[in-house]
1. Given (1) in contact with a helix residue (DSSP H, G or I) (Cβ under 8 Å, 6 or more places away or on another chain); (2) at pLDDT 90 or above, identify the lone condition not met by residue 42.
2. Kindly establish whether residue 50 is in contact with a strand residue (DSSP E or B) (Cβ under 7 Å, 6 or more places away or on another chain), exposed (fewer than 14 other Cβ atoms within 10 Å of the Cβ), at pLDDT 85 or above and within 16 Å of residue 76 (Cα to Cα).
3. Between a residue in region 56-81 that is within 12 Å of residue 46 (Cβ to Cβ) and any residue that is modelled with pLDDT of 95 or more and not in a loop (DSSP other than H, G, I, E, B), which pairs come within a Cβ distance under 6 Å, given they are 6 or more apart or on different chains?
4. So which residues in region 1-33 are closer than 17 Å to residue 68 by Cα, modelled with pLDDT of 55 or more and surrounded by 13 or more Cβ atoms within 10 Å (Cβ to Cβ)?
């Protein structure tokens, strides 16, 4: 699945979905993540099944989440275990 913008019905925010990636490449350096980050606008939501599917290290997670907060983008993790 490629990163793409989809709209929910009504006044709900847009939702951006990011596919799982393998390896130790930081989130912002992966090709599809770069595309996703280009599409983001304030109020968007990124949905990920698990924290460890999106980020490769605690530092990667912290840096990315800080950038998302700065851009007023939300992150929804479906499973925190």
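1. (1)
2. Working: in contact with a strand residue (DSSP E or B) (Cβ under 7 Å, 6 or more places away or on another chain): yes; exposed (fewer than 14 other Cβ atoms within 10 Å of the Cβ): yes; at pLDDT 85 or above: yes; within 16 Å of residue 76 (Cα to Cα): yes.
Yes, satisfied.
3. Once the first residue is within 12 Å of residue 46 (Cβ to Cβ) and sits in region 56-81, its partners that are modelled with pLDDT of 95 or more and not in a loop (DSSP other than H, G, I, E, B) give 75/68.
4. Within region 1-33, 14, 26, 27, 28, 30, 32, 33 qualify.
The values are calculated or read from the model by the stated rules, or taken from the named source; none is laboratory data. In this text the structure is predicted, and so the values were computed from the model without any measurement. Positions of Cβ are backbone-derived with ideal geometry, glycine not excepted, and every protein chain shown enters the neighbour counts.
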